[in-house]
Amino acid sequence: MIIIEDNFLSEKSFRGLQDYCKQEFRIERAGAGDQWKEFLVLDTPPDIQSQLWLEDHEIIFSFIRKAHAGFDTDPRIHSDGIIMNKYVDVASVLYINENEGVSRNGTAFYDHAFFGEKLPKDVKPELYNDVLKDSNVTELWQQTDKVYAKPNRLLSYPANYFHAKFPAKIETGERIVLVTFYSEING
Ligand SMILES: [Fe+2]
């Protein structure tokens, strides 16, 4: 189920997070198989991470990602079922940038021509990597849902749902999101 929660952090925490994101981001490579790409990232501050707590889950990984004109421009439709060799149950996106001055953006969900809306939870890593190869082949995907970014909005979804940021290319300004991956405890 896709869940949207507005005004997720307190005003004070959220402004602090926006200020934190004014520093320079570092470039990191991420991916799997032969599908590697570069992202601009920052670590999630511990005081923010502690507020992203989710009942019966543990956080596997959390980071802040920035996309702008000429950087991070692929459609990259994917699921987050496996991160750092661990099965992920839930993913969340906290939208950080103000809407003003930034291409209207958000997160879109897709059906894959063969698998439908999601990958099986216990997908083998080989198959997961195979589907990643389709991530920029737009003919194989049908958009089903779209969530618009809004400052301090938290979007959560089952990590095996296929999704991508939209638009693929941010033409104006910078799209900044905080992404978190959770695993069920004893799941
Ligand atoms: Fe994702």
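Quick look at the values:
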| item | result |
| --- | --- |
| The chain, helix-only ellipticity at 222 nm - DSSP H runs n ≥ 4, -39,500 (n - 2.57), divided by all residues, nearest 500 | -3000 deg cm²/dmol |
| Shape metrics for the chain, restricted to C-alpha atoms - Rg then Dmax, Å | 15.7, 45 |
| Inter-centroid distance (Cα atoms) of the stretch 127-182 relative to the stretch 8-78, Å | 13 Å |
| Distance in nm between pseudo-label sites at THR172 and GLN142 (7 Å out along the Cβ direction from Cα) | 3.3 nm |
| Lys, Arg +1 and Asp, Glu -1 on Cβ, resulting dipole of the stretch 1-140 about Cα centre, debye, nearest 20 | 320 debye |
| Counted charge near TYR95, where neighbours are those whose Cβ lies closer than 9 Å (Asp, Glu -1; Lys, Arg +1) | +3 |
| Listed peptides 63-73, 10-20 by packing density, highest first (mean Cβ within 10 Å) | 63-73, 10-20 |
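Every number in this text was worked out from the coordinates using simple rules, so none of it is lab data. Worth saying up front: this structure is predicted, and the values here are computed from it rather than measured. Don't worry about glycine lacking a Cβ; one is built from the backbone with ideal geometry, like all the others, and counts go over all protein chains shown.
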